[in-house]
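Remarks on the structure that follows.
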């Protein structure tokens, strides 16, 4: 006879749960899960990223059933999806703009982690899994950008894959392997199509590991202090599901605006021209979410000792991502949250400005002041990561931390109540 589990009112669910405790696991991890009671809306972006990933997979499967991965037919098959397939335009615009939304959400999620020290002990592996997700996203997005086989797609594939030729000895072999021949063509498109279809499921697997690591020690919080007891937490449902639903509603408004009213605002017009190997676009640029890496790639215009400018740019572009793996050890401060770190707080915003400047540099032709700004922004990025992070932790004097999350929340509530009562007392 099936054991009646608490919270399982349906007989079928009780029967399944007794043999495969799926619902019990869901209830434990997403219903009764103890969550720091002071989480702000900045913590919505993790769940939003998961929702957008599902949207990307669903719309991607729909598009894959209609797409033809052939250099002769790819561009026409995309046009057919847009014009002849029922709701094909909606699926493509949702997928195309979903990539931009996905990166925007993940970047906000990443910078929130930087601000509140979510990479610090004991969440180092959680952070590292997040960086792996970012790398997989970049690979997937680049390969997806090639699939429409427009002018920008073709030449972006040509330029980016050619960068590997700068690697001594093995570089040309890597390029030939990526191309499937001696130029970007039909074999390249087949390989990119297969990998673009496969990698989102790899991302999904790493996301599951990310969630397991998250639930091992729980979420960080704006104060950056550990939970001291039950008074510091609330059940995830309904308190934070409501917050997540509100955040989802706001996100859907923004997402819908781009899908229905400005579907091509974040794209390149040249990609509506069929790929032409005989005509190079005036300015080859990737999508906006890859512009900072592209700017770093182009920032080195001179040889560094025995390293050519091209190879140095490739090394720095890859290093700008891989350095994130080492942040838990580069940051020597014992305090997590920037709320209590006066110097780090200002430098964090300098880093945000620096990354935006790199995006601007990547979007413009490499000439004049653009090159200078790119070199300064690249230098600051690595100085921030490799020098300022360890140095600030040694010299900074953090403000005193609260005794507990509950204590800080109560003090903040009392302060708000006092500010609300002050005008009433005067009147």
Query - Matching helices (runs of 4 or more DSSP H) fully within region 20-103 where at least 3 residues are crowded, with 16+ Cβ neighbours inside 10 Å and in the same structural domain as residue 188 (by TED's automatic domain parsing) - result: 44-64, 74-83
Query - Odd one out for residue 183, checked against (1) part of a loop (DSSP other than H, G, I, E, B); (2) within 22 Å of the chain's Cα centre (by Cα) - result: (2)
Query raised in the report: Is it the case that region 140-151 has a residue that's under 30 Å from residue 66 (Cα atoms) and surrounded by fewer than 16 Cβ atoms within 10 Å (Cβ to Cβ)?
Result: no
Query raised in the report: Got at least one residue in region 120-134 being part of a helix (DSSP H, G or I), under 25 Å from the mean Cα position of the chain (by Cα) and free of Cβ contacts under 8 Å to residues at least 40 places away in the same chain?
Result: no
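Condition check ((1) in contact with a strand residue (DSSP E or B) (Cβ under 6 Å, 6 or more places away or on another chain); (2) crowded, with 17+ Cβ neighbours inside 10 Å; (3) in a helix (DSSP H, G or I); (4) modelled with pLDDT under 95) across all residues:
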| residue | (1), (2), (3), (4) |
| --- | --- |
| 226 | no, no, no, yes |
| 231 | no, no, yes, yes |
| 238 | no, no, yes, yes |
| 249 | no, no, yes, no |
| 252 | no, no, yes, no |
| 255 | no, yes, yes, no |
| 258 | no, yes, yes, no |
| 262 | no, no, no, no |
Query raised in the report: Taking the condition part of a helix (DSSP H, G or I) and surrounded by fewer than 20 Cβ atoms within 10 Å (Cβ to Cβ), does residue 164 pass?
Result: yes
Query raised in the report: Identify, please: which residue in region 282-307 is surrounded by fewer than 18 Cβ atoms within 10 Å (Cβ to Cβ) and not in a loop (DSSP other than H, G, I, E, B) and is, among those, modelled with the lowest pLDDT?
Result: 304
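The values are calculated or read from the model by the stated rules, or taken from the named source; none is laboratory data. Note that this is a predicted model, so its numbers are computed, not measured. As a convention, Cβ positions derive from the backbone with ideal geometry for all residues, glycine included, and neighbour counts pool all protein chains shown.
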